[in-house]
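Colleague: Below is the structure I would like to discuss, written out as structure tokens.
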Amino acid sequence: MRVEWIILADFAEILNSKLYLMGGGWDRLIANKEFPIQQIISIAVSFAVGWDETNIRMPMEIHVKDDEGKELGKVQGHIEAGRPAGITPGQTQRVQAAFRLPLRFEREGTYTVSALIDGKLEGQTHFALVPGRGSGARGTRRQEPRKLDA
């Protein structure tokens, strides 16, 4: 079993084996409030289950950590895929999952989302949390528009 992809989104859900996303595919969040901030993020993950791995229940974990290794959120569960009638022998199957995590961010920085299967790291993505207007962070003053010579 392996992780095919991890997608960060404002909202994600799986219905009838299909992924539905809103505001998906980002790698940067802008904090428009002073830290600390509360933010709900969605994480969509696709697992490729090999033919010889079907009908086996495998533990799965998703972790969100800051650049110092502090864990902000975690999801634990299991992945299991059966062999549906008519499947071609040897065919890999896709199992998708979507999670909503309420996270508390203390500061700007780089954050990592990791997917583990049976305790082994199988996929990872990163995102940056950057200060925006109203965050109170230094260096976020509004830049005046440049004046062009006519």
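What follows is calculated from the coordinates using simple rules that are stated; it is not laboratory data. These figures come from a predicted structure and were not determined experimentally. As a convention, Cβ positions derive from the backbone with ideal geometry for all residues, glycine included, and neighbour counts pool all protein chains shown.
Colleague: Mind listing just one residue for me: the one in region 3-32 that is among the small types (Gly, Ala, Ser) and free of Cβ contacts under 8 Å to residues at least 24 places away in the same chain and, of those, surrounded by the fewest Cβ atoms within 10 Å (Cβ to Cβ)?
Modeller: Let us first name the residues in region 3-32 that are among the small types (Gly, Ala, Ser), namely 9, 12, 17, 23-25, 31.
Narrowing further to those that are free of Cβ contacts under 8 Å to residues at least 24 places away in the same chain: 23-25.
Working: Gly23: 12, Gly24: 15, Gly25: 9.
Among those residues, the one meeting the criterion is Gly25.
Colleague: Would a scan of region 82-95 turn up a residue that is of a type in the set (Val, Ile, Thr) and out of contact with any strand residue (DSSP E or B) (no Cβ under 9 Å at 6 or more places or on another chain)?
Modeller: Taking region 82-95 as the starting set, the residues that turn out to be of a type in the set (Val, Ile, Thr) are 87-88, 92, 95.
Then drop every residue that is not out of contact with any strand residue (DSSP E or B) (no Cβ under 9 Å at 6 or more places or on another chain), which leaves 88.
Scanning region 82-95, I find at least one residue that is of a type in the set (Val, Ile, Thr) and out of contact with any strand residue (DSSP E or B) (no Cβ under 9 Å at 6 or more places or on another chain), so the answer is yes.
Colleague: For residues that are closer than 30 Å to Thr88 by Cα, surrounded by 15 or more Cβ atoms within 10 Å (Cβ to Cβ) and of a type in the set (Phe, Trp, Tyr), tally how many sit in region 33-75.
Modeller: Looking only at that region, the number is 1.
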